[in-house]
Structure formats: structure tokens, C-alpha cells
Amino acid sequence: MTKIPIYSYEDLRKKADDFLHTYNPTGTIPVPIEEIVEFEFRINIVPVLGLQREFEIDGFISSNLKNIYVDEYVYTDRINRYRFTLAHEIGHIVLHASVFKAHQFSSIAGWKEFTYSLPDADHRWLEYQGYDLFVACVIHTSTHRWDSGVTPCRQDKIQRIFQPIRRNRRR
């Protein structure tokens, strides 16, 4: 079993700052996450009909890190959620590439099998850290986020993030 790295909040901040400086050096708002995914990371964005309805997920990344599968309705009609999903999956690549590469899947069934194989605590860290990078990269510029004291690392926000994860892990 591949160990999920647990980054400190300072480590997450550094990784988010590095990401923004590398892929959005002009500080464009909103961060052009779709262009970063497609042109910088060379990842295919693949709309999937009914992904949210049938599997209760908005998107997932393949273990070879070449495709991000996104619910078609999210892709076409919910632009903010679409951007969130892309940023969350890029967060996994930046933070957890070795974890995903250690498993072989490119389907919804394979992804579900992978997530179910993780102990709950590891799965929560994996998802929480993806959300944290999302907030740093898409909602705020990293400087505003950290200097203002508005961080996703507060206990009340952690609790809100973990609740949906537990609900969505049912079989």
C-alpha cells in the first residue's frame, strides 16, 4: 500500500505558491485552470455522461495522470464547479502523483476500487489536501489567502470537507 503523504499547512502553502508562480505568473484571476490542465500538464479533459448522478462524483483522474474525467453536466453547465473539479484533480497531481501512479485504473470502477482500498484516514487526507490546494489556486491568490488569515485549514472547514467524503464513500 502506498503511503499518503501528510503535508503541513506551510508545505501546502509553498506548493500552492510554487504552482501559481509557475503556471499563473501574471496573477490572472480567475486562474486559467482549464488551460493549465490541457496545455501545461497535457491532460485530456473527458466529459462523462451521468458521472455525478450514477457515482456521486464530479470528476476523477486516471492513475496514469493523463485524463481527468468530469461529469458532462458539470462540464457544460456548472462552470465554477467544473473549475473546482479541475483544480482539485491538479491538486492531486501536484501532491499525490506517486500515490496515483502506484495503482492501475482508468475507469470509474477502477477509481472506486482504489479509493475503497485506502484506509478512511488516508482517504480523508488525500481529499482534504486536494481541496486545500484548490482554494489556494482558484478562489484566492496565494498571497491574499495566507496573509488575510482566510485559510481552509481551520477545524470547522475541515469538518465540512470531511462530511461529504464519508457520505460519498458508500458502496
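From the convex hull of the Cα coordinates of the range 1-105, what is the mean projected area in square nanometres?
Values: hull surface 28.9 nm².
The number I arrive at for the range 1-105 is 7.2 nm².
Shown here: the range 1-52, whose C-alpha atoms stretch 39, 38, 20 Å along the first, second and third principal axes, sorted largest to smallest.
Which lysines have a Cα less than 18 Å from the Cα of K66, not counting those fewer than 8 places away in the same chain? Reachable lysines: K101, K112.
All of the numbers you see were taken from the coordinates with simple rules; none came from a lab. Here the structure is a predicted model, which means the values were calculated and not measured.
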